[in-house]
Amino acid sequence: MKHYERRLLYPRSDTLAAAFPEMEAVAMGSDTTTPIRVLRDQPELHSQLLARISEMSLDVTDVRPG
């Protein structure tokens with residue numbers, strides 16, 4: 001299992017938290033949020049999280065193992 005962090009260009013909000021209920025959302029400054037979740041591998045990262053982020057038309061500034 002790996003711990004991945006994705007940084008989104010949006011402030012932490014109830015809407016963002018509702019979109020990713022299985023993740024801990026950590027505010028990183030006033031304009032970015034980092035949803036954190038432990039994943040099995042990179043394919044799970046792409047198939048579950050990045051696909052959902054793309055469907056919501058959100059901008060990701062960074063994805064990295066944490």
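No lab work stands behind these numbers, since they all come straight from the coordinates. Computed from a prediction, not measured in an experiment: that's the story for all the values here. Because the Cβ atoms are built from the backbone with ideal geometry, glycine has one as well, and the counts that use them run over all protein chains shown.
Couple of notes before you dig in:
- Relative contact order (%) - criterion: Cα under 8 Å, at least six apart; region: the chain: 49 percent
- Student exercise, the chain dipole from Lys, Arg, Asp, Glu Cβ charges, in Debye to nearest 20: 160 debye
- Span per principal axis, largest first, for the Cα atoms of the chain (Å): 29, 23, 20
- Other residues whose C-beta falls under 10 angstrom from the C-beta of THR33 contribute a net charge of +2, scoring Lys and Arg +1 and Asp and Glu -1.
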